[in-house]
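Below is one structure, written out as structure tokens; comments come after it.
The values are calculated or read from the model by the stated rules, or taken from the named source; none is laboratory data. Since we're looking at a predicted model, the values are computed, not measured. FYI the Cβ positions are ideal-geometry reconstructions off the backbone, even for glycines, and counts take in every protein chain you see.
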Amino acid sequence: MKRSVIHLVAFGCILAPASRSLLAQKGHGNIGTSGLGATLPPVTGKSKASTREGAEAPSAGSASNPNSANVNVSSRLASNTALSARIQPLLPAGSTVATASAGFRNQGEFIAALHVSRNLGIPFDQLKTELTSQHPDSLGQAIHDLRPNLSRSTVKSDVRLAKRQAEQDIDTGDLANRLSTNATLAAHAQALLPAGTNLQTAAAGFENARQFLLVEHLAHDLNIPFAQLKADVTGANPMSLKQAVNVLRPDLNSVTVQSDLKVARQETKADLQTAGEFAEDQNEIAER
């Protein structure tokens, strides 16, 4: 019996390190005094402005090459002349897009910082220092540091506003680029607009070509002024297309509205396919 106990103790001493090694390999982290996984970092959420640029997220080697993120941001902005032109008025006097964006991790963060600077009157250089230092602050923390008189709820509201503005800038820039480089897409979109309407002006504010064309088709098919339908769908408190049509055409019953939406989606799908722009969501045109 005594010999069996000794054997069990010895086996336990051998097994314990192996178990610890196996757990670490499976992603449980180190075993600390507080229990399994005590050293795991917390999971944090991401805004649309950051997740849309997953390719720009800092890699494991970013710490050794702090300029790598900026190369990505600058090159993306340089290749999107419409977006660069849109944010130009937000830049500090004497700055270029390349110099102002230096150090930022992605274009969403950079453009949101530009809007915070404009909205709150915070010098951009001060805000940039907070966001691009060796230990960068979040946008909310940076605002709090530079405007300590603002309440927590006000700071959160300001961050949300700046991120929405950045998202709209990026969406508008991307759509403008697609319209300027795809003649077929531009021709389809222009044909649906009232005579004399500038295509790029009409497209500004939409999330993508699909949403833009869908609103155009509905306005055209139901004889709704395009500007009114656009304002309801892309305004500060955007409506769904169904809601907007109900407001602007109260004479139509729900069955008719649903049918008209279905037709408009089919027309939009056909336009995108003809223009070679139907790479994503091939089986569905989402209702907005």
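Within region 168-181, none of the residues are more than 17 Å from the chain's Cα centre (by Cα), surrounded by fewer than 19 Cβ atoms within 10 Å (Cβ to Cβ) and assigned to a loop (DSSP other than H, G, I, E, B). Being touching a helix residue (DSSP H, G or I) at 6+ places or on another chain (Cβ under 7 Å), modelled with pLDDT under 95 and farther than 30 Å from THR234 by Cβ is a description that does not apply to GLY94.
Filtering region 102-130 to residues that are touching a Ser or Thr at 6+ places or on another chain (Cβ under 8 Å) and part of a helix (DSSP H, G or I) leaves GLN107, GLY108, GLU109, PHE110, PHE124, LEU127.
Table: residues versus (1) out of contact with any Cys (no Cβ under 6 Å at 6 or more places or on another chain); (2) under 30 Å from HIS144 (Cβ atoms); (3) modelled with pLDDT of 95 or more.
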| site | (1), (2), (3) |
| --- | --- |
| ILE170 | yes, yes, no |
| ALA176 | yes, no, no |
| GLY196 | yes, no, no |
| ALA227 | yes, no, yes |
| THR234 | yes, no, no |
| PRO238 | yes, yes, no |
| PRO250 | yes, no, yes |
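Restricting attention to region 146-155, the residues that are part of a helix (DSSP H, G or I) and surrounded by 13 or more Cβ atoms within 10 Å (Cβ to Cβ) add up to 3. If the condition is being assigned to a helix (DSSP H, G or I) and in contact with a helix residue (DSSP H, G or I) (Cβ under 6 Å, 6 or more places away or on another chain), then region 192-208 contributes LEU199, GLN200, ALA203.
What pairs can you find where one residue is in region 227-241 and without any contact (Cβ under 8 Å) to a residue 60 or more places away in the chain, the other is β-branched (Val, Ile, Thr) and outside any helix (DSSP H, G or I), and their Cβ atoms are less than 9 Å apart, with a gap of 6+ or different chains? Listed pairs, sorted by first residue: ALA227/THR197. Among the residues of region 109-158 satisfying the criterion of being of a type in the set (Asp, Glu) and free of Cβ contacts under 8 Å to residues at least 40 places away in the same chain, which is nearest to ALA93 (Cα to Cα)? Ranking the qualifying residues of region 109-158, first place goes to ASP125.
Please work out if ASP137 is surrounded by fewer than 16 Cβ atoms within 10 Å (Cβ to Cβ), more than 30 Å from GLN211 (Cβ to Cβ) and of a type in the set (Asp, Glu).
no
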